[in-house]
Amino acid sequence: MLVLVVEDDPAVSGPLIEGLQRNGIETEHVAYASQVVAAASKGSIDVVLLDLGLPDGDGLEVLRELRKVTDIPVIIATARGDETDRIVGLELGADDYVVKPFSVRELAARVRAVSRRRRSESTLDTGRVIVDRVRHVVHVDGEVVDLTAKEFDLLAVLAEEPGRAVTRQELFSRVWDPVWIGTGKTLDVHVASLRKKLGSAELIETVRGVGYRLVQEAS
Ligand code: CA
């Protein structure tokens, strides 16, 4: 877990960074509004902690700029009682806020919570099969499986609701074309190939006369 700490006051950032590290969270630190977008969009940052009062600009303006280029989770740090900043911040797409002075333990818990929430929104976790729709990656039993775009889309539809029999018509219209006209052979060919790549054919069941379903695993 890597947090970008945006804070200009060394009396705040020093203990904060130390405290986060004690809680098992790595940090990078910038003190100026002008540095935030570049630092946050490098790809390695998991969560941004954003102080709103920065020497060279307004934190809310930084947040607005940030949201144009990335949907990285952002927690804003607002002054006590400043409700307007908090509301505007959340409207601009902040994921959460902490009110200064905040405890490092509380912040660490919120960092983990927003990061977990963001991951679960983009990921279909059915147990053995995990489909990450943002990174476009599929894991089966912990191993990455290389799929074509159509195979990925097909699996993503099935993984939305394991155990549900998805009709052939729904699969056609969501993965290929809403007005599909054909024999249906394409669907069966893709399912066959998907089963092979998943490494265990029984993960996708044929529902006779209906379509297919991803097996529901006991949890
Ligand atoms: Ca400040």
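A short reminder: the numbers here are calculations on the coordinates, not readings from a lab. Model, not experiment: these values are computed from the prediction. Reconstructed Cβ throughout: ideal geometry from the backbone, glycine too, with neighbour counts over all protein chains shown.
Considering only DSSP beta bridges with both partners in the chain, what is the antiparallel share in %, to the nearest 5? Walk me through the intermediate numbers first.
Details: 18 of 35 bridges.
DSSP beta bridges in the chain are roughly 50 percent antiparallel.
What FRET efficiency comes out for the pair Asp9/Val69, r = Cβ-Cβ distance, R0 = 35 Å, nearest 0.05? Present the calculation step by step, with values, prior to reporting the outcome.
Details: r = 26 Å, r/R0 = 0.75.
The formula returns an efficiency of 0.85 here.
So which lysines pass the test for Lys42, namely a Cα distance under 27 Å, with those fewer than 8 places away in the same chain ruled out?
In chain and number order, the partners are Lys68.
Within the range 99-165, which GluC sites (Glu not before Pro) sit in a loop by DSSP and count at most 16 neighbouring Cβ atoms inside 10 Å?
Details: sites: Glu106, Glu121, Glu143, Glu151, Glu160; in loops: Glu160.
Here the sparse-neighbourhood loop sites are Glu160.
Based on the Cβ-Cβ distance from Ser122 to Val207, what FRET efficiency comes out when R0 is 22 Å, to the nearest 0.05?
Once the sixth-power term is evaluated, E becomes 0.20.
Cut-off 15 Å, label point 7 angstrom out along Cα-to-Cβ of Ala109: give me the residues of the range 1-45 whose amide nitrogen falls inside.
Under 15 Å, as judged by backbone N against the label point of Ala109, lie 23 of the range 1-45.
Using just the helices of the chain, give the 222 nm mean residue ellipticity in deg cm²/dmol: DSSP H runs with n ≥ 4 each add -39,500 (n - 2.57), and the total is spread over all residues, rounded to 500.
Only helices count here, giving -12500 deg cm²/dmol.
Just the Cα atoms of the range 124-219, one point each, no solvent: what log10 I(q)/I(0) does Debye give at q = 0.10, 0.11, 0.14, 0.25 Å⁻¹?
Log10 I(q)/I(0), no solvent term: -0.23, -0.28, -0.46, -1.52.
Taking a cut-off of 27 Å between Cα atoms, list the lysines near Lys196, but don't count ones fewer than 8 places away on the same chain.
The reachable lysines, counting only those whose Cα sits under 27 Å from Lys196, are Lys150, Lys185.
Please compute the modelled spin-label separation between Asp141 and Val215, points set 7 Å along Cα→Cβ, answer in nm with one decimal.
It is 1.1 nm.
Can you compute the modelled spin-label distance between Glu18 and Leu2, with each label point 7 Å from Cα toward Cβ, in nm?
2.4 nm
For the chain, just the Cα set please: Rg and Dmax, both in angstrom.
22.5, 69
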